[in-house]
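The values are calculated or read from the model by the stated rules, or taken from the named source; none is laboratory data. Quick caveat: nothing in here was measured; it's all calculated off a predicted structure. Here the Cβ positions follow ideal geometry from the backbone for every residue, glycine too, while neighbour counts run over all protein chains shown.
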């Protein structure tokens, strides 16, 4: 039988259902030879609910706990094969729930998702959870069950097969589960786009993905070709993409909830998300060292995240209008490459002296931000980008800096990240460094040698947002993973996808 290749915009996830209980009823529906029962082990040790769940399977709880000593530490896994008995369960997986914090539950879910890869059906008993804990557990499970895609002779395939179905036993809200799956699946979309090899992925390829997402998600789509970018004065995109045989593009995606108002005092709030979309970054004429280029297929992660977020807005019934701008270019080396010392004119007329061709991301973002300010009249503007190595040096892989011109917007984003486990660290827009962006030949310098790189990049972007409430997320650290463990697979992480969706869900 020929199996169709997987769809990067619709990654395979388990079918999730909720069974109020009791456990024997859920187990009685299993008839597959690869079915698994997953039980959460609370810390610091087993409780009566766990004993009751074990007894319901037909095993002796004392024997299991004495022989296998399952630990309750976060994400510890004890796997026990079962002989055929009262139910068609072939394997029992005990996963430690730790102290039950959101992060513990997220990691517990991820461990369960990994441990049940390839199973035909899973029955899971996560224990007594509130809605936030349940969402964390489910999101972790979906993320942990996924593996980075592989390209073979039969097309793209996920590197891991999640369980066919997961039945959660307990008094859980099915809508909480559904929404958690939607948010996690959006993260997988962002990961798959980021991990696509650069010889397959260029600005035109990203446009095709956007067209498909717009058709499926009920979004309006506008695309600027090279000619239209030139006519409208998007000098940053044209400069960065000039050296590539794959010309740059700008994509606009628009979502509006049912009954949205665009005028008047009761106007529905409008949020603009801007994503850096460098489909490969060679560094341009100031070429990166070989090791620095290896991960550059993921340098469009920001655009991939924005695309994934917009594609999920309808499924989550996001209550505000959302516009996504994907600033797409390939930073290559060619006869038409832009040069250090060039002066380029951005959308709206601001001129910029180029200081380093390997700091291209802020140039394409500047065009999109200036367009958002001038044409879209947004209430909030948020950009997301794998922008500076300085951010990675400062905060490593766990945190992303957030810079903002508005405290309310910053706090909303930080709170959303705290809920989803995508932690943001507020950083200052230190005005004392602004003078380092002064240029003798243009309105602005592109970079400032000797100044803090991540702050300087944020100050540069601020010049293009007018007086808007704006925030900048620099995900150069947590946007990529070197390991396949926990919630992460090697490659693009999709960091910020669930954060932005959570923020939009709560925006009024």
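Some points to look at:
- The conditions of being in contact with a strand residue (DSSP E or B) (Cβ under 9 Å, 6 or more places away or on another chain) and under 18 Å from residue 236 (Cβ atoms) are not met by residue 504.
- Subset of the range 376-393 [within 19 Å of the chain's Cα centre (by Cα) and under 18 Å from residue 272 (Cβ atoms)]: 381, 382, 383, 384, 385, 387
- Being assigned by TED's automatic domain parsing to the domain that holds residue 93, touching a strand residue (DSSP E or B) at 6+ places or on another chain (Cβ under 9 Å), within 20 Å of residue 104 (Cα to Cα) and in a loop (DSSP other than H, G, I, E, B) is a property that holds for residue 127.
- Scan of the range 236-249 for residues that are within 27 Å of the chain's Cα centre (by Cα) and either surrounded by fewer than 22 Cβ atoms within 10 Å (Cβ to Cβ) or not assigned by TED's automatic domain parsing to the domain that holds residue 280 (or both), ordered by number: 246, 247
- Condition met for residue 74 (in contact with a strand residue (DSSP E or B) (Cβ under 9 Å, 6 or more places away or on another chain), assigned to a loop (DSSP other than H, G, I, E, B) and closer than 30 Å to residue 419 by Cα): yes
- Hits in the range 167-194 - residues which are crowded, with 23+ Cβ neighbours inside 10 Å and either out of contact with any helix residue (DSSP H, G or I) (no Cβ under 7 Å at 6 or more places or on another chain) or free of Cβ contacts under 8 Å to residues at least 40 places away in the same chain (or both): 188, 191, 192
- Of all the residues in the range 393-419, those that are modelled with pLDDT of 95 or more and within 18 Å of residue 301 (Cα to Cα) number 5.
- Some residue of the range 222-235 being at pLDDT 95 or above, in the same structural domain as residue 472 (by TED's automatic domain parsing), part of a helix (DSSP H, G or I) and crowded, with 21+ Cβ neighbours inside 10 Å: yes
- Matching entry among 500, 459 (being in the same structural domain as residue 195 (by TED's automatic domain parsing) and within 20 Å of residue 312 (Cβ to Cβ)): 500
- Residue 105 meets all of the listed conditions (1) assigned to a loop (DSSP other than H, G, I, E, B); (2) within 26 Å of the chain's Cα centre (by Cα) but one, namely (1).
- Subset of the range 437-475 that is without any contact (Cβ under 8 Å) to a residue 60 or more places away in the chain, in contact with a strand residue (DSSP E or B) (Cβ under 7 Å, 6 or more places away or on another chain) and over 16 Å from residue 403 (Cα atoms) - its residue that is surrounded by the most Cβ atoms within 10 Å (Cβ to Cβ): 437
- The range 26-50: number of residues that are in a helix (DSSP H, G or I) and either modelled with pLDDT of 90 or more or closer than 25 Å to residue 179 by Cα (or both): 2
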